[in-house]
Amino acid sequence: MNGVVGVLLAAGGGRRLGGGGKALLRVGGLPLVERGVRALRDGGCRPVVVVLGARGDEVRRLPALRDAVLADNPDWETGMGSSLRAGLDAVTAAGGAAALVTLVDQPGIGAAAVARVRAAHRSAATLACAAYGGRRGHPVLLGADHFAGVRAAAVGDRGARDHLRSHAATLTLVECGDIADPADIDTPGDLAAFERRH
């Protein structure tokens, strides 16, 4: 099997941001999807899977995605769960030993946090995630042994949260509060606040 495959969930429509698709929203001069791909690559993930949905045809034309594995999620409007399942299917097809999952709307999570969580990978049984002041967050590292359980639990807007909760005894928390900002960009106010901080 290959090593840790990066998975960027970038299918959301961004309704509260005006509906233009979160992947194409520019922060610091770059589309969010490009920032996310760079973070995964620079953090050591190979290959990088990008799950597309809203405005997928436009997103896939971005030069930064040329070497990424693009996974279309026709059911993206049903929520994050379908995108996570599409991403894990692509990781399985690539023969990945683990998936390191990030969200396109968290531009404050960069390569340093990706690398730190990725370093927790030990085997197909590994289950780890970033923590911010002790609270679970992204990136999330899923060894291949967990793919089936996560797929089963990923429904609607629920991603891996229920699986992580039910496996809390074996979950490794990797503190990243000193190197990353886990804030979501869901509204224009979130974007303005993020840009003020960075």
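Out of curiosity, is Asp186 in a helix (DSSP H, G or I), at pLDDT below 95, surrounded by fewer than 20 Cβ atoms within 10 Å (Cβ to Cβ) and touching a helix residue (DSSP H, G or I) at 6+ places or on another chain (Cβ under 8 Å)? Walk me through it before giving the result.
Details: in a helix (DSSP H, G or I): no; at pLDDT below 95: yes; surrounded by fewer than 20 Cβ atoms within 10 Å (Cβ to Cβ): yes; touching a helix residue (DSSP H, G or I) at 6+ places or on another chain (Cβ under 8 Å): yes.
No.
Go through the range 45-77 and report how many residues are of a type outside the set (Asp, Glu), surrounded by fewer than 16 Cβ atoms within 10 Å (Cβ to Cβ) and touching a residue at least 24 places away in the same chain (Cβ under 8 Å).
1
Test each condition in (1) touching a strand residue (DSSP E or B) at 6+ places or on another chain (Cβ under 9 Å); (2) crowded, with 17+ Cβ neighbours inside 10 Å for Gly81 and report the one that comes out false.
Going through (1) touching a strand residue (DSSP E or B) at 6+ places or on another chain (Cβ under 9 Å); (2) crowded, with 17+ Cβ neighbours inside 10 Å one by one, Gly81 breaks only (1).
Among (1) modelled with pLDDT of 95 or more; (2) in a loop (DSSP other than H, G, I, E, B); (3) closer than 24 Å to Gly12 by Cβ, there is one condition Leu141 misses while meeting the rest; what is its number?
If we test Leu141 against (1) modelled with pLDDT of 95 or more; (2) in a loop (DSSP other than H, G, I, E, B); (3) closer than 24 Å to Gly12 by Cβ, just (2) comes out false.
The values are calculated or read from the model by the stated rules, or taken from the named source; none is laboratory data. Remember, predicted model here, so these are calculated numbers, not experimental data. Cβ coordinates were reconstructed from backbone atoms using ideal geometry, including for glycine residues, and neighbour counts include every protein chain displayed.
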